[in-house]
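The values are calculated or read from the model by the stated rules, or taken from the named source; none is laboratory data. Just so you know, these numbers come straight off a predicted model, no measurement behind them. Methodologically, a virtual Cβ is constructed for each residue, glycine included, from the backbone with ideal geometry; neighbour enumeration extends over all protein chains shown.
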Amino acid sequence: MNKISRRNFNKKLSTGLLGTTLIGYMPLSFGITNNEKKSLGIALVGLGSYSTYQLAPALQDTSFCHLSAIVTGTKDKEQIWKDKYNLAENCIYNYENFDTIISNDAVDIVYVVLPNSMHADFSIRAAKAGKHVICEKPMAINVSECDAIIDACKKEGVKLSVGYRMQSDPYTNEVKKYVREKTFGSVRHVSSTAAYISRGNTQQWRLNRALSGGGALMNMGVYAIQTSIYGTGYNPISISAQKFSTRPEYFKNTDETITAQMEFPSGAVANMFTSHNASGNRMRVSCDNGWFELEPAHSYGPISGRTSNGNTIYFPHKSQQALQMDDFAKHILLGTANVAPGEMGKRDMIIVEAIYKSIAENGKKQLLDLGTMGIVTK
């Protein structure tokens with residue numbers, strides 16, 4: 001029998017490529033697979049505000065994963081994070097030596113938290129290093145890059161998730177339950193707004209199309225797309241869109257405000273609004289026999305909800321990021337559902353591209369053939 005490295009053994013075992021011939025042949029003590037661990041180590045790639053103020057603190061409250069490494073291009077951050085989170089010296093990486101993470105058994109998952117244009121590169125490199133991947137939303141800047149990430153993860157036998165924190169939020173799953181069980185009858189209309197006002201720093205990467213791939217749509221707009229989908233329970237079959245700008249001197253090459261209308265195979269329709277120059281944080285679902293809404297709906301929480309029968313939708317507040325990362329770790333360790341798979345990220349990018357195409361064609365309706373792509377039933 002040819003010599004098998006620990007990494008290749010684990011990868012082949014997880015994908016079934018070794019078959020059953022090794023049963024009884026290899027000692028049970030051979031290596032430590034992900035399934036034998038109780039907590040998976042996560043490396044955060046990019047130490048911007050989201051990693052600093054949301055992900056790293058959330059990893060102090062997770063049950064199935066923990067912060068084990070960092071990757072940063074800012075030298076000053078290395079010692080600060082090392083001391084604050086008691087990280088080992090060999091778990092501090094920069095963008096140049098990132099690929100050497102392949103030999104670090106303390107890292108099971110790489111979480112890519114970089115500008116959108118860098119998602120594909122580092123997600124693919126993480127997969128080639130044999131690490132499971134969480135890619136922050138949006139998954140990439142186009143559908144082709146989504147395909148490249150998905151293909152790389154499949155080839156290397158690693159798991160892939162998109163950083164859709166709302167998919168792990170209990171309010172989202174309550175909405176899905178109302179839709180699935182038709183608590184208020186069949187859904188007829190969904191309205192979703194996901195927007196905030198951007199001011200100040202004109203050099204931020206979100207205002208740089210080369211780094212962001214777009215504007216409001218590639219940021220908050222993804223939440224409005226997601227809400228429209230889980231608010232109806234279906235993927236859209238068509239979409240029309242419009243773009244508006246009242247501050248062209250500030251939003252020089254990224255979209256400021258976008259509205260879109262979607263049609264669904266159930267007959268339901270949805271209207272979404274996203275902007276970097278207005279405030280909006282709400283979803284409302286109108287049904288045959290009533291309605292339900294969340295406001296706020298997309299923020300880090302606490303979320304708040306109510307229904308037409310006078311009830312309040314309430315769950316004790318928990319970090320969405322902690323829930324999200326634990327969900328992915330449980331998927332790896334316990335085989336639970338992947339609540340935000342790469343296919344979901346690709347689907348949303350197909351919709352994003354259709355929105356931009358509709359805008360370029362003066363609001364012309366774009367037909368979509370997505371089937372159940374990316375829809376996860378927990």
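Below are the figures for this structure:
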quantity: Unmet criterion (only one of (1) in a helix (DSSP H, G or I); (2) among the aliphatic types (A, V, I, L, M); (3) assigned by TED's automatic domain parsing to the domain that holds residue 214) for residue 325; calculated: (3)
quantity: Some residue of the range 73-86 being in a loop (DSSP other than H, G, I, E, B), touching a helix residue (DSSP H, G or I) at 6+ places or on another chain (Cβ under 9 Å) and buried (at least 18 other Cβ atoms within 10 Å of the Cβ); calculated: no
quantity: Counted residues, the range 140-155 - those being buried (at least 16 other Cβ atoms within 10 Å of the Cβ) and free of Cβ contacts under 8 Å to residues at least 24 places away in the same chain; calculated: 0
quantity: Check on residue 164, crowded, with 24+ Cβ neighbours inside 10 Å, among the aromatic types (Phe, Trp, Tyr) and closer than 20 Å to residue 66 by Cβ; calculated: no
quantity: Breaking point among (1) over 21 Å from the mean Cα position of the chain (by Cα); (2) surrounded by fewer than 22 Cβ atoms within 10 Å (Cβ to Cβ); (3) not aromatic (Phe, Trp, Tyr), for residue 187; calculated: (2)
quantity: Candidates 200, 221, filtered to the one that is on the phi > 0 side of the Ramachandran plot and not β-branched (Val, Ile, Thr); calculated: 200
quantity: Residues that are among the basic types (Lys, Arg) and either surrounded by 19 or more Cβ atoms within 10 Å (Cβ to Cβ) or not assigned by TED's automatic domain parsing to the domain that holds residue 359 (or both), drawn from the range 235-255; calculated: 243
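A quick yes/no check of all residues on (1) surrounded by 19 or more Cβ atoms within 10 Å (Cβ to Cβ); (2) under 24 Å from residue 170 (Cα atoms); (3) touching a strand residue (DSSP E or B) at 6+ places or on another chain (Cβ under 6 Å):
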{"residue": "326", "(1), (2), (3)": "yes, yes, no"}
{"residue": "331", "(1), (2), (3)": "yes, yes, no"}
{"residue": "340", "(1), (2), (3)": "yes, yes, yes"}
{"residue": "348", "(1), (2), (3)": "yes, yes, no"}
{"residue": "354", "(1), (2), (3)": "yes, no, yes"}
